[in-house]
Each structure stands twice: as C-alpha cells, then as structure tokens.
Amino acid sequence: MEFSIKSGNPEKQRSACVIVGVLEPRKLTPMAKAIDGSSRKTLSKVMRRGDINGKTGDALILHNVPGMLADRVILIGCGRERDLTDRQYRTIVDNSIRCLRQTGAAEATTYLPELNVKGRDCYWKVRQALEVASNATYEFREFKSKKHTRDRVLRRLTLMVPSRRDLRAGERALADGRAIANGIRLARDLANRPANVCTPSHLAAQAQELARAHKSIKVRVMDRAAMHKLGMNSLLSVARGSHEPPKLITLEYRGAKRKTRPIVLVGKGITFDSGGISIKPAQAMDEMKFDMCGAASVLGAVSAIAELGLPLHVIGIIPSTENMPGGGATKPGDIFTSMSGQTVEVLNTDAEGRLILCDALTYSERFHPAAVVDIATLTGACVVALGNHATGLLSNHNALARDLLNAGDTSGDRAWQLPLWDEYQKQLDSPFADIANIGGREAGTITAACFLSRFAKKFHWAHLDIAGTAWTGGKYKGATGRPVPLLVQYLLDRCPAG
Ligand code: BES
Ligand code: MN
Ligand code: ZN
C-alpha cells in the first residue's frame, strides 16, 4: 500500500473516503466538527438519531455528505478522550481500516492522527497509523489461485496532520513507518510460507536477495562442512535427522564507521520443528513451520534499517535447519561438544532451539559485539506465562534489558522481563555432560534462557522469547511480524542524534 502525508480541511479533500473520529459520549473531534459545519450539521443529526455514539468499535459509513468533495465519510468510534492510550489508538486505526475495506474505496484520507494520545507526538501517531494500516491490509495469498479476496483493493492512504508545521515530523514518520512496515511484511511472508518452500536454503537465498537490494549489506552463508570445521556440533546435532541442508547465514549491515562495535541479532531459524525423535503430537504441528520467526524478524529488521540507511553497524546471524526424526537423528541421551567446548546432553530433541542458538552465540563473539540480542520461538512455557501479548525478555545486562523494554513500549510491540537468577541454573545439571538441554517442568522459559546464558558470558546479551507473539492461531491465523517493530525501534534509539 502507498502512503502519503498532507494537511488541510476535510471538506476540501477530493477522495473516495474521508475518515474522522467521533468520541464518547456523542462528541465530534475537531475535524468531524469541520465536516459538520460545512454539511448543515449532518454529523450532529446522525449522532442525535443514535446511529453512532462514539464507542470503540462503532463505525458508520455515510454517502453523499453535503458540502464534501469526498464520495464517503467514515465515522469511527474512538471511546472517551481521556482513555485514549497507545493501544486504544492502534485499535481505532485498525477498526477504521477494517471498515474501509468493506467499501469499494481504493484510496482514502484519514484524520485519525489528529486524536490526542497521552504523551505521543505527531511523529508517533503517523508512524503507528501507517504500521497498523499496513498490517490490517496484509494478505498472504502466494498459494491461492485467486490473488485478491476482493475486486477492489485499498491501494492508497493519505494521513492527515493537524497543521503544516507537523508535515516535517509527518514525513519522517512516513519514511520510518514505511521501512518498518516493509520489514514486517517480509517477516510475515517468510514465516507464512510452508516449510517445504521456506527451507534453510530459502532463508539463505532471501538474505542474499537483501544484499543484492542494498549495497550496505554483505551476506555469507556457511554450509554443513563449514560449520563442522568451526566445531558447531550442537547446531549440527539438530540437523542430523533432516534431508534439508542446514545453513548458518550471516548478514552484515554497515551504515557506520568501520571501528564501531556491532549490535548482533541472532534469529532462530528452525524451518520446521517436528520435535525430532522426541516427536510432537499431531495436533497443530503445522504451526511449527513458524519456528523460524526469529530468523524472519532478523531479516525484516535488517531490511528496514538498510532501507533507512541508519548510521549503525548491525550483524544478523541466522542458524537454520529443520528438526526431524530419521535414522541418523539425535537420540535422547546423546552428547555433543558445542563450539564453546561445553558438552551438552540432549535429553529432549524437541528442545532444539537452544542447541542451534548456543553455537550461533559463540560464533558472535568474533564480532566483538556491543550487544547481542537473540530472538526465538523458544518455549511453549512462554505462551503459558505471557499469552500472545508480551514477548518474554531475559538478559544478563540491565541497561540492555531496559532499552529493549522501552523500545517495545514505544513501538507498541511490548516485552516483559523474567528473572534470570542463578537459582534456576542448577535445573540444567547433567550427570553425564557439562549441561543438559532441558530443565524440567518448572520455569521452562527461564531455564531455556539459563541454557543460552552459558554461551553469552563474554558480552551484553538479551533473549527475546517470541513463542507467544510471533504468530496467531484462529481466525487470523498467521505470522504477526513481531518483534520487527521492537527491534527497529531499539536500533533507531541507538542512532547518534542529528
Ligand atoms: N519451537 C518450540 C517452542 C514452541 C512450542 C513455540 C509451541 C510455540 C508454540 C520449541 O522448540 C520446543 O519444542 N520447546 C519445548 C521445550 C521443552 C522440550 C523443554 C517446549 O516448549 O515444549
Ligand atoms: Mn522444539
Ligand atoms: Zn522449536
């Protein structure tokens, strides 16, 4: 979808549809008032008749409003003005786009960025509106014979800012929002693709595609032999049961001077997680094609920052393989020596994410990182603890954790911190090796992070468990693109001012 920014009065907009907010109880927003004034009180009358009260979820499509150059006016309920939080604003924009899509309008003009959201400026409101609208119109139809669900699709959205003075902030919001929305879309597309298409080789090809599109990105892909040479036996232990060749993908984005230490993003790229010999139940196993959402978010974030040309040094590392049973597959009890030299007893082959991430973490040491953030659909326990609202965050460095939590709040892609206390470490004791790959029933998300922490001693590190947030089931089944917004916000916040 295309986005543009403008300022000006609603009655003057030549558009297929103008969107304005109405508040509870039956209160017009400034731009709705403007329409009311030039339409002989059409909106006041509609409200008085009780057709719309301003409650969240209310929406009304009006045709042929007098005095308007636009074909339609959509009134969107915004709730009470004092309850207008970040989340409420996003819901309102989402509702407006879903309502808009029921019309035949291919283009629209929205005044929702004029709403007062507590503590948020014009930049924030425009960027959020863009991202929400982009997400709401996303469809994954690569594998449908009919490429569109409707004959008429929404192609253009003009975001209106209150005054000409806001245009500069608006333009910046537009550029940032577009790049983030593109990154989200890339992540969603990759994750939604089935595992027979989105293989480790496919992820590698996608990374190379990014390098072709941006001169600032360099990509290196390691195969099984190269990984073997580096001693990545933990990663390779997961690949043993699969016929798909595993890949270790490294992307380097350079928008800053050579000497700056990089921020490293490590994304779990299990393109299908059957569980291996510790095989999963059949119920919903198809969803394990999403087990590469961490990898997808790294590709999405790197693509966004390259599009923006951020003055940063960022490295993306994607360990990628299938986790399958097979004659050569790892068996419960098998022991491998990881790249770090620590030996690992694989008690459950379904706890494979940590086995590929640990070698990727050790590998990231060679880049002398300023910080390492790994992103992984790591534990079902995280879904139990936090549901699908918050990403789990664990870290060995408080300042890093705080920066990520803040980035989540700003971007509306929130994380919640769990403790990484030493007390939990002993759950990983093994009678036969240095460490076991599972820590028992209790605190599964924390013990998974404890496992990773053993390989992250040499740098500031944070772990994002996105098992609950990376995709949704049910009616809107599919990848969400999270945590691309959080990651890009974190990186935007790291840019030197100016
Ligand atoms: N990819 C799964 C985690 C997962 C499960 C994410 C369900 C989203 C929904 C991971 O590889 C896994 O299987 N984890 C196990 C770990 C256990 C064996 C210690 C789990 O969470 O059950
Ligand atoms: Mn698993
Ligand atoms: Zn997994």
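Using the Kyte-Doolittle scale, which helices in the chain average at least 1.0 and also have C-alpha atoms spread 15 Å or more along the helix axis, with helices defined as whole DSSP H runs?
For the chain, where a helix must reach 15 Å along its axis and average at least 1.0, the hits are 293-308.
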**OP:** Once you have all Cα-Cα distances for the stretch 143-196, histogram them in 5 Å bins from zero and send the whole-percent values.
**Re:** 4, 13, 13, 19, 18, 13, 9, 6, 3, 1, 0
Subject >> For the stretch 213-232 versus the stretch 40-69, the gap between their alpha-carbon centres in whole angstrom >> reply: 58 Å
**OP:** Any of 12/125; 12/55; 247/458; 146/475; 12/147 with alpha carbons more than 29 Å apart? Name them for me.
**Re:** 12/147
Original post:
Based on the alpha-carbon gyration tensor of the stretch 343-498, what equivalent-ellipsoid semi-axes (square roots of 5 times the eigenvalues) come out, in whole Å, largest first?
Top reply: 25, 20, 13
**OP:** For the chain, calculate the relative contact order in percent as a whole number, restricting contacts to Cα pairs under 8 Å that are 6 or more residues apart.
**Re:** 14 percent
Original post:
Taking 1 over the mean of 1/r across every pair of different Cα atoms in the chain, what Kirkwood radius in Å do you get?
Top reply: 23.8 Å
Original post:
Longest span of the chain, sites excluded, free of chymotrypsin sites (Phe, Trp or Tyr not before Pro) in DSSP loop with at most 13 other C-beta atoms within 10 Å?
Top reply: 144-420
**OP:** Using 0.36 nm per residue of separation minus the Cα-Cα distance, give me the extension gain between residue 14 and residue 282 in nm, one decimal.
**Re:** 91.1 nm
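Assign unit charges at the C-beta atoms only (+1 for Lys and Arg, -1 for Asp and Glu), then state the dipole size of the stretch 46-92 relative to its Cα centre in Debye, rounded to the nearest 20.
On the way: 8 positive and 6 negative charges, 24 e Å.
Using only the charged Cβ atoms, the result is roughly 120 debye.
Residue separation times 0.36 nm, minus the C-alpha to C-alpha distance between residue 257 and residue 102: what's the value?
Length gained between residue 257 and residue 102: 50.9 nm.
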**OP:** Within the chain, what's the longest run with no GluC sites (Glu not before Pro) in a DSSP loop and at most 15 other beta-carbon atoms within 10 Å? Give the range, please.
**Re:** 143-441
Original post:
Cα centroid distance between the stretch 274-318 and the stretch 353-424, in Å?
Top reply: 14 Å
Original post:
Between residue 40 and residue 384, what FRET efficiency follows from the Cβ-Cβ distance if R0 is 60 Å, with the result rounded to 0.05?
Top reply: 0.60
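Please report 291, 374, 121, 350 as a ranked list, fewest other C-beta atoms within 10 angstrom at the top and most at the bottom.
Placing the least packed residue first, the sequence is 121, 350, 291, 374.
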Subject >> Bins of 5 Å, starting at 0 and running to the largest distance - Cα pair percent for the stretch 95-237 >> reply: 2, 8, 13, 15, 15, 13, 11, 9, 6, 4, 3, 1, 0
Original post:
What is the antiparallel percent of DSSP beta bridges lying wholly in the chain, to the nearest 5?
Top reply: 45 percent
Original post:
Hey, what did the stretch 112-241 get for relative contact order, percent, Cα under 8 Å, at least 6 apart?
Top reply: 26 percent
Original post:
What value, in deg cm²/dmol to 500, does the helix sum -39500 (n - 2.57) over DSSP H runs of n ≥ 4 give at 222 nm once divided by the residues of the chain?
Top reply: -10500 deg cm²/dmol
Original post:
Roughly how big is the chain's charge dipole about its Cα centre, with Cβ charges of +1 (Lys, Arg) and -1 (Asp, Glu), in debye to the nearest 20?
Top reply: 2060 debye
Subject >> Ranking of 243, 463, 397, 313 by count of other Cβ atoms within 10 Å, fewest first >> reply: 243, 397, 313, 463
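Pairs of Cα atoms under 8 Å, at least six residues apart: use those to get the relative contact order of the stretch 9-105, whole percent.
That works out to 33 percent.
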Original post:
Among 434, 36, 359, 409, which comes first, then next, by fewest other beta-carbon atoms within 10 Å?
Top reply: 409, 434, 36, 359
**OP:** Could you calculate the contour length gain from residue 145 to residue 475, that is, 0.36 nm times the residue separation minus the distance between their Cα atoms, to one decimal place in nm?
**Re:** 116.8 nm
Original post:
How large is Rg over Rh for the stretch 39-87, taking Rg from the Cα atoms and Rh as the Kirkwood inverse mean of 1/r across Cα pairs?
Top reply: 1.03
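Bear in mind that the values in this text are calculations on the coordinates, not laboratory data. Since we're looking at a predicted model, the values are computed, not measured. Quick reminder, even Gly has a Cβ in these numbers, built from the backbone with ideal geometry, and neighbours come from all protein chains shown.
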